[in-house]
Structures are given as structure tokens and as C-alpha cells.
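Chemist: Okay, here's the structure, questions in a sec.
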Amino acid sequence: MKIIALDIGGTAVKSGLVDNGVLKEHRETPTPAAEGGQAVVALAKKLIAAYLPEGADGIGISTAGVVDSKSGSILFAEDCIRGYTGIQVKALLEDAFSLPTAVENDLNAAAVGEAAFGAGKGCKSLLCVGFGTSVGGAAVLDGRLYTGSHFGAGEFGHMVTHAGGLPCGCGQRGCFERYASASALVRQAQRLDPSLDSGRAIFRRLREPRVKAVVDSWLREIVYGLASLIHLWDPDCLALCGGVMQQSYPVEQLKALVPKSVMPAYRSVSIQAAQLGNQAGLLGAAELARRLAAGQLR
Ligand SMILES: [Zn+2]
């Protein structure tokens, strides 16, 4: 089955044709974010139309923003794309192309991609936990994406791991992401040396004991959160996403430390880095569209 897949982000729209789970082509086009949501949909139509001559059975859209995946509309998008909130992406594209169209939030789509083709291949249930400026995630349970009652499931970063701790943008204090995000690691490292301004810079100097101490303390924070998530969801796979988890040290440490921090019944959980990189959203969106076209997506 051939699916046209798009991954709409605040800075770029990735597009490609996915044939039986394999991305055949991959382009990147700047997002006309300042021109607003309608301009983004117009670009999406143009990109999709270019693939139509190759034959397509469906369209899969991974996008920034909170997505009502039943209606395929954008419930809420921050300022990254002006006027994107409320856009009926699925309806607009189905009207234009008469092809079954699946629309999903980008992190959720990436989790579906990892579950089907990447770190969670062969697993029953997968949690994806992403570490960047914040901590986000998604849950694929018994093979199906769990989006919650309001399409908001997976805000793992807002678990409170430090009661009364650091203030968070969500209004709470002591949220997991204030301690465990890549930004939290950089913030701590810069107290030692302002030039430690990225994960890459930090891991390059891991041999320095004081740098390693900061990294190990950050990893302990991650262990608290992951142990809680494993006890809550009992997944058989857990994928660590985000650029900082492309480093082997944090992944190897978490593989060793997390099982020691959960009860015996949960210790067989497979922990690994996400495998699909920036193709995860495209492949996941295509997989959702494939299921929709095959009548397997309720
Ligand atoms: Zn929070």
C-alpha cells in the first residue's frame, strides 16, 4: 500500500512516499509559519499533489500541535504556526484528494512509527519518552496509540517528581521535565562552565569528573520518572527519544539503572534509543493512514 506522508513542523514540512513501511523519498520544504495555517495547508496540498501520479492509497499527516485525531483538526497549536488552531486538516485534504487521510500529533505519530518499525518492533506496548527542551511522550498500548480522553495523553514531563520544587510552565512546581529534560542538563552543566551549552558539548567532556557528576545526577532524575512510568503502564518496551539519547552513555546507564529501580515483575522491560530518527513521524503517520485505508483504525 502506498501512502503519501507529511510531517508538518514549525520550521519545515517533511514529505515522502511510504510503500509498505519503507520511505521511498524524503524532501524538506520550509514551513510558511508566519503566513499562517491556511498557507501551511496550501503547501501540504501542493506537496501531496506532486506524489499523486505515483499512485496513492491514503495520506498520513504528522503535525505539530494538539490534534483531535478523530476529526483530524488542530485543537491547539502554539505560536509556531500562526492561526493553525482550529484548522480542519483532514476535512480539507479529503475534500481535495478523496483519499483516506489520518492526522496525528507529531510525537504520537513518531511513537506509532517506532512501535511498528523501530525500537518497539515486535513489542506489545511501547512508551516513547522524548528529552529535549521539555519532556514529552506517547503510549502505544496493545498495538494501538492511546491518546486519552482529550487527545492529551503522554505529557510525561508534567509528572511531579519533586513536590514543591522548581516552577514549571504548566503552573505546577517540581515537574519531571524541570529536572530531566536536555535543557535541565544544560542548565546544570552551565553552572560549571557556560561553554557547556549543548548535550554534545557536555558528552564530549564526560571524562571530567565534575561534568560526569552533573550527567549522573541528571540520569538519576530520569530514572525516577521512568520507574514511575513503568509501574503505571507496564510496557514491554520503552524508547528514549531526542538528540541527547543518540549518545551511548545515557542510554547504557539507563538500561542498567532503571531495572534496578522497579519491582521485580517489571524488570524485563526493554529500554533502548529510538531508531527512526527524524523519519519516525513520517513512517508513523503513514502507518496510521495505512490502517485507516485498510479499515483497521477506529
Ligand atoms: Zn509542568
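The values are calculated or read from the model by the stated rules, or taken from the named source; none is laboratory data. The structure presented is a predicted model; accordingly, all values stated were derived computationally and were not measured. Ideal geometry is used to build each Cβ from the backbone, glycine not excepted, and the neighbour counts take in all protein chains shown. Side chains included, ligands, DNA and RNA excluded: accessible areas come from the protein's heavy atoms. Shrake-Rupley method; radii C 1.70, N 1.55, O 1.52, S 1.80 Å.
Chemist: With a point put 7 Å past each Cα toward its Cβ, work out how far residue 25 is from residue 160 in nm, to one decimal.
Modeler: Once both label points are built, they end up 5.2 nm from each other.
Chemist: Grab the DSSP H runs of the chain that are 4 residues or longer, score each as -39,500 (n - 2.57), total them, divide by all residues and round the 222 nm result to the nearest 500 deg cm²/dmol. Please list the in-between numbers first.
Modeler: Values: 9 runs with 109 residues, N = 298.
Value at 222 nm, helices only: -11500 deg cm²/dmol.
Chemist: Contour minus end-to-end for residue 268 and residue 141, with contour as 0.36 nm per residue of separation and end-to-end as the Cα-Cα distance? Intermediate results must be reported in sequence, preceding the final value.
Modeler: Values: separation 127, 0.36 × 127 = 45.72 nm, distance 1.68 nm.
Gain in length upon complete extension: 44.0 nm.
Chemist: Applying the Karplus parametrisation 6.51 cos²θ - 1.76 cosθ + 1.60 with θ = phi - 60° to the phi angles of segment 49-57, what ³J(HN,Hα) value in whole Hz is obtained for each residue in order, glycine and proline being reported as x?
Modeler: Calculated HN-Hα couplings, in order: 4, 5, 8, 4, x, 7, x, 8, 9 Hz.
Chemist: I've got another one for you. Given 90/121; 121/260; 212/255; 2/124, which pairs have Cα atoms separated by over 19 Å? Don't jump to the answer; show the numbers that get you there.
Modeler: Details: 90/121 28 Å; 121/260 24 Å; 212/255 17 Å; 2/124 25 Å.
From 90/121; 121/260; 212/255; 2/124, over 19 Å: 90/121; 121/260; 2/124.
Chemist: Could you run the Karplus curve 6.51 cos²θ - 1.76 cosθ + 1.60 with θ = phi - 60° over segment 108-114 and give me ³J(HN,Hα) per residue in whole Hz, x for Gly and Pro?
Modeler: With the stated coefficients, segment 108-114 comes to 5, 5, 4, 5, 5, x, 5 Hz.
Chemist: Per residue Cα convex hull volume for segment 2-106, in cubic angstrom? If you can, show how the numbers build up before the last one.
Modeler: Values: hull volume 8.7 nm³, N = 105.
Hull volume over Cα atoms, normalised by residue count, gives 83 Å³.
Chemist: If you count only protein heavy atoms and use a 1.4 Å probe, how large is the accessible surface of residue 123, to the nearest 10 Å²?
Modeler: About 40 Å², ignoring ligands and nucleic acids.
Chemist: Place a +1 charge on the Cβ of each Lys and Arg in the chain and a -1 charge on the Cβ of each Asp and Glu, then give the dipole magnitude about the Cα centre in debye, rounded to the nearest 20. If you can, show how the numbers build up before the last one.
Modeler: Values: 29 positive and 27 negative charges, 150 e Å.
Here the size comes out at about 720 debye.
Chemist: For residue 76, list long-range residues whose amide hydrogen, built 1.01 Å from N in the peptide plane, is under 5 Å from its own amide hydrogen.
Modeler: 66, 86
Chemist: Still on this model: Can you compute the modelled spin-label distance between residue 52 and residue 201, with each label point 7 Å from Cα toward Cβ, in nm?
Modeler: 4.9
Chemist: Cα atoms only, the chain: Rg and Dmax in Å?
Modeler: Reported Rg and Dmax, both Å: 19.5, 60.
Chemist: As an exercise, use a Förster radius of 30 Å and the Cβ-Cβ distance of residue 78 and residue 231 to find the FRET efficiency, rounded to the nearest 0.05.
Modeler: 0.45
Chemist: Is there a quick way to get the dipole size of segment 2-106? I mean about its Cα centre, with the Cβ of Lys and Arg at +1 and of Asp and Glu at -1; what is the value in debye to the nearest 20?
Modeler: Numbers: 9 positive and 14 negative charges, 32 e Å.
That gives segment 2-106 a dipole magnitude of about 160 debye.
Chemist: Taking a probe of 1.4 angstrom, what is the accessible area of residue 263 in Å², to the nearest 10?
Modeler: The value for residue 263 is about 100 Å².
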